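Let me begin by presenting the structure, written as structure tokens, before commenting on it.
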Amino acid sequence: MKVATWNINGIRTFRGGIKKVLDSLDADVVCVQETKVTRDLLDERTAIVDGYNSYFSYSRGRSGYSGVATYCKDNATPFAAEEGLTGLLTNHEGAVGCYGDHSEFSSEELQLLDNEGRAIITQHKIMCQDEVKTVTIINVYCPRADPEKPERKQFKLQFYKLLQCRAEAILKNGSHVIVLGDVNTSHRPIDHCDPSEIEDFGENPGRKWLNGFLHDGNQEEERNEEEPNESNPTNTVKFVDTFRYFHPSRTNAFTCWSTLTGARQTNYGTRIDYIFADCQLAKNYFVGADIMPEVEGSDHCPVWGQLSCPLLSRSKPPPLCTRYLPEFAGKQQKLSRFLVKVEQTSVQPEQRDALPGSQEDGEKRENLNPFEVANISCKKRVITSDSIVPKGKKTKTIKTSSKPQGSLLSFFKPKLTNVPPAESSVADEPTLTQKVSTPAENESSITGSRLDEGTELVYNGSSQGSSSSTTEENDTQMKTKHFTCQPTLGHSNAKKGESLVFWKSVLHGPPPPPSCKVHREPCVLRTVKKEGPNMGKQFFVCGRPQGHVSNPEARCNFFAWVDKGK
């Protein structure tokens, strides 16, 4: 049996779907945290994954916040599943039970602790040495203690106490227990990139709780041997950090890094993602545990643990499984409803064509021949009903079938075939005609469509008369127009240049970045977002990723406020 945990920082960020992620972890039970999805945002591709059955817990108060999910392979289907730690969210059979003593909590506190979607519990059967045993997996996303919100510190400690109360109650009932997920506290100095920067590192309340919840690694083996004969129940509920059980002295083993400072590049992080197991389970049946820092896609990395016991599967998932939700209960029913809607819209295609102000209708009106409205409208009706190509392609089909008159230039060109051959000045006309057409072509290539409107009058005048005098007058008009437009363009370009200089002087961009003193590289611009007297101010810091002071490749301590005058 293999279990894995990963804070994925948003389950909808995986564009290719969650199945590829689950398959890549190659675990029987995958627990993910910070899904940031609520019931109304959960889509079928995420909830119903081929080869897995899933169980979700959502935040009831905020959208896009918190949330956990457990995915079990079909050959590792749990025998029971439950949302939350208090039991208040359980209204179905197949729950895990064993809630412990809640006398230290008020009813309001219990409701709030389970209201953010931070726990999913699944119970499995494993075969250990020809004996069937029960193992309960508690998938948790523990709260973060926001330093600017003192009430969240107390909320975090209360969640820790509730988690311990539930885990101990399940363990006393005869089941093995695995607690895994994002605990949001680094336990020892070895689990932190720079513990010296934290004042009173060991006095942190979260670390004190971990000290009481976990066994000391140095005395772990001796205590495990004494557990079966212990009369004091408090010693039988100690848990083991499985990673430190197999790697007691490994340094720089972190699972979370800051994405804002690029700290993952320098491995400047913390280890706050764990797999805890009760002492007997860790000693007798765990064969390995490790982190996976090479797996990207989140600001955390996965953690896995391997047991020597095979899983026993149940044929039918417990009621909490997402496939029983009404919106996912029947795929055929949803598909039939979708097909019915399409059939209703296809029965009345005229309503779609008659939409007011649609782009398609506007394009069709531009291409209509005013003398053949009736014929083209019939063609449009046939094309709309028979064609299934996109709207843009429909317009092109109508345009070619109605035979438009080509470009404006070809429309306004004089026709030489209309010139009478019996004129006295037949020999001179080709020269004059060539004289007229040449500046027209030049004019269209230089000045564009705006000058084509001016040439329309010239060509209309030349096509009405065939005498050489009229042609010469038109030629003179054409040349005049051609040369008088050039100063106008130059004048407009000069105006544009002046306005550009003006707006650049008024709306100047950010100040040029200085170079840091150590690396001689351009700094990056940052803005203070923390509330206080400096909120909104901008400053420059070294552009390299954050790292330890002893690392020469990491960010130096350069800092400079942006001068307001610049």
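The values are calculated or read from the model by the stated rules, or taken from the named source; none is laboratory data. Remember, predicted model here, so these are calculated numbers, not experimental data. We place every Cβ from the backbone using ideal geometry, glycine too, and count neighbours over all the protein chains shown. Only protein heavy atoms, including side chains, enter the accessible area calculation; ligands, DNA and RNA are left aside. Shrake-Rupley method; radii C 1.70, N 1.55, O 1.52, S 1.80 Å.
Put Ser196, Ser59 in order of accessible area, largest first, 1.4 Å probe: what do you get?
Values: Ser196 100, Ser59 10 Å².
Of Ser196, Ser59, the descending order of accessible area is Ser196, Ser59.
If we count every other residue with Cβ under 14 angstrom of Arg544's Cβ, Lys/Arg +1 and Asp/Glu -1, where does the sum land? All intermediate terms of the calculation are to be shown ahead of the outcome.
Working: positive: Arg264, Lys517, Arg520, Arg526, Arg555; negative: Glu521, Glu553.
Counting the neighbours of Arg544, the net charge comes to +3.
Past 26 Å, Cα to Cα, is the threshold; run Lys20/Lys529; Lys125/Lys283; Lys161/Lys529; Lys156/Lys529 against it and keep the listed order.
Values: Lys20/Lys529 37 Å; Lys125/Lys283 18 Å; Lys161/Lys529 33 Å; Lys156/Lys529 24 Å.
Check vs 26 Å cut-off fails for Lys20/Lys529; Lys161/Lys529.
Would you mind working out the magnitude of the charge dipole of segment 510-561 relative to its Cα centre, with +1 at each Lys and Arg C-beta and -1 at each Asp and Glu C-beta, to the nearest 20 Debye?
Values: 8 positive and 3 negative charges, 16 e Å.
In total the dipole reaches around 80 debye.
Give the accessible area for Arg45 in Å² (nearest 10); use a 1.4 Å probe, count only protein heavy atoms, and leave out ligands, DNA and RNA.
It works out to around 140 Å².
Would you please name the GluC sites (Glu not before Pro) within segment 70-107 that are DSSP coil residues with at most 11 other C-beta atoms within 10 Å of their C-beta? Could the numbers behind the result be given before it?
Details: sites: Glu82, Glu83, Glu93, Glu104; in loops: Glu93, Glu104.
Sites meeting the loop and neighbour criteria: Glu93, Glu104.
Could you check how much of the accessible area of segment 510-561 is carbon and sulfur, as a whole percent, using a 1.4 Å probe? Walk me through the numbers on the way to the answer.
Details: 1980 of 3620 Å².
Carbon with sulfur: 55 percent of the solvent-accessible area.
What do you reckon, how do Trp503, Trp304, Trp6, Trp561 stack up by accessible area (1.4 Å probe), largest on top? Each step should come with its number before you reach the end.
Numbers: Trp503 140, Trp304 65, Trp6 5, Trp561 120 Å².
Of Trp503, Trp304, Trp6, Trp561, the descending order of accessible area is Trp503, Trp561, Trp304, Trp6.
Express the Stokes-Einstein translational diffusion coefficient of segment 3-128 in µm² s⁻¹, to the nearest whole number, given a Kirkwood radius over alpha-carbon pairs, 10 °C and a viscosity of 1.306 mPa s.
Details: Rh = 15.3 Å.
Taking Rh from Cα pairs, D becomes 104 µm²/s.
Residues with beta-carbon under 15 Å from that of Leu307, excluding Leu307: net charge, scoring Lys, Arg +1 and Asp, Glu -1?
Details: positive: Lys2, Lys73, Lys125, Lys133, Lys283; negative: Asp26, Asp28, Glu131, Asp278, Asp290.
Spelling it out: positives minus negatives among the neighbours equals 0.
Using the heavy atoms of the protein chains alone and a 1.4 angstrom probe, what is the accessible area of segment 510-561 per residue in square angstrom?
On the way: 3620 Å² over 52 residues.
Each residue of segment 510-561 exposes 70 Å² on average to a 1.4 Å probe.
By how many nm would the segment from Phe502 to Thr259 lengthen if fully extended, with 0.36 nm per residue of separation less the alpha-carbon distance? Walk me through the intermediate numbers first.
Working: separation 243, 0.36 × 243 = 87.48 nm, distance 3.94 nm.
Result: 83.5 nm gained on full extension.
Can you send over the carbon and sulfur percentage of the accessible area for segment 1-107, probe radius 1.4 Å, protein chains only?
Working: 1880 of 4260 Å².
Roughly 44 percent of what the probe reaches on segment 1-107 is carbon or sulfur.
Segment 510-561: percent of C-alpha pairs farther apart than 17 Å?
Of all Cα-Cα distances in segment 510-561, 39 percent exceed 17 Å.
Please report, as a whole percent, how much of the solvent-accessible surface of segment 246-331 comes from carbon and sulfur atoms (probe radius 1.4 Å). Kindly include the intermediate steps, with their values, before the conclusion.
Working: 1940 of 3740 Å².
Carbon and sulfur atoms account for 52 percent of the accessible area of segment 246-331.
Using a cut-off of 12 Å between beta-carbons, work out the net charge of the residues near Thr322 (Lys and Arg +1, Asp and Glu -1, Thr322 not included).
Working: positive: Arg39, Arg45, Arg323; negative: Asp43, Glu44, Glu83, Glu327.
After counting each charged neighbour, the total is -1.
Need one value: the accessible area of Phe540 in square angstrom, 1.4 angstrom probe, rounded to the nearest 10.
10
I'd like the accessible area for Lys73: 1.4 Å probe, protein heavy atoms, all chains in place, Å² to the nearest 10.
Here the residue's solvent-accessible area equals roughly 50 Å².
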